[in-house]
Amino acid sequence: MKALRKWLVVVAAMAGTGGYAGIGKGEDLRVVVIINNQAGYADAVVAGAMDVSGRVFRQAGVLVTWQEAAEGPVYDQGADLLINLARAAGTVMGIEGTGFAAAPVDGRPGYLIWVFRPAVDKVLDGRWLPVPRSALLPKLLGHVIAHEMGHLLGMNRKHASEGLMKANWHKAEIQLAYQGKLRFSEDECEKIRLAVRARNALPYRAIHEERR
């Protein structure tokens, strides 16, 4: 866990560079995310994935702050989302695909996300690109995480016909992910900013900010 904490500090430092023009210009939209590595990924892989997904959200005008899993409810930890990197396949939960975002049907903000390592490995084994697995894995994992976060931050259960929120990725999407060009559309970015703005106004966030 100490090694992962070191990587979290590094990723937090990276998050201060670059980003969407809206950040730092009168609006501070932030999402706090707990990442729980139950899949056995190397710390460097998780750190790389966090950096990738953080960059995707900075392009949408949102700063992601990462923190380690701890005891107690997610909201009590001052977090908005909990991402479980799972060793098991999603089929044990009746789910197909690389990830799942649990969006409540009553309109409350969802916070639970799973990313399934066997499904991510299957994409890697597809030989989409002539690049080493070690180079593609953090970028693929980071974009899968960003996709699932998108479902809980404005997109609900909706998928797009192209781009990051497309339901099924093929060679074109994998190539863009590797190049760092798989992003949210402008319309999706606006929905994300609206959703994050609403979350930032929730009482539990205000209480947590007072404690800091």
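The values are calculated or read from the model by the stated rules, or taken from the named source; none is laboratory data. What you are looking at is a predicted structure, and each value in this text was computed from that prediction instead of being measured. Positions of Cβ are generated from backbone atoms using ideal geometry, with glycine treated the same way; all protein chains shown enter the neighbour counts.
Brief remarks follow.
- Residue that is surrounded by the fewest Cβ atoms within 10 Å (Cβ to Cβ), among those in region 86-101 that are in a loop (DSSP other than H, G, I, E, B) and under 17 Å from the mean Cα position of the chain (by Cα): G97
- Flag if V144 is closer than 24 Å to D43 by Cβ and buried (at least 22 other Cβ atoms within 10 Å of the Cβ): yes
- Some residue of region 171-182 being among the hydroxyl-bearing types (S, T, Y) and either out of contact with any helix residue (DSSP H, G or I) (no Cβ under 9 Å at 6 or more places or on another chain) or surrounded by 21 or more Cβ atoms within 10 Å (Cβ to Cβ) (or both): no
- Residue identified as small (G, A, S), under 19 Å from A198 (Cα atoms) and either modelled with pLDDT of 95 or more or surrounded by fewer than 20 Cβ atoms within 10 Å (Cβ to Cβ) (or both) among G54, G22, G48: G22
- Here L82 meets each of (1) outside any strand (DSSP E or B); (2) surrounded by fewer than 22 Cβ atoms within 10 Å (Cβ to Cβ); (3) of a type outside the set (K, R) with one exception, condition (1).
- Residue satisfying all of: in region 102-146; small (G, A, S) and over 11 Å from the mean Cα position of the chain (by Cα); farthest from G78 (Cα to Cα) among these: G126
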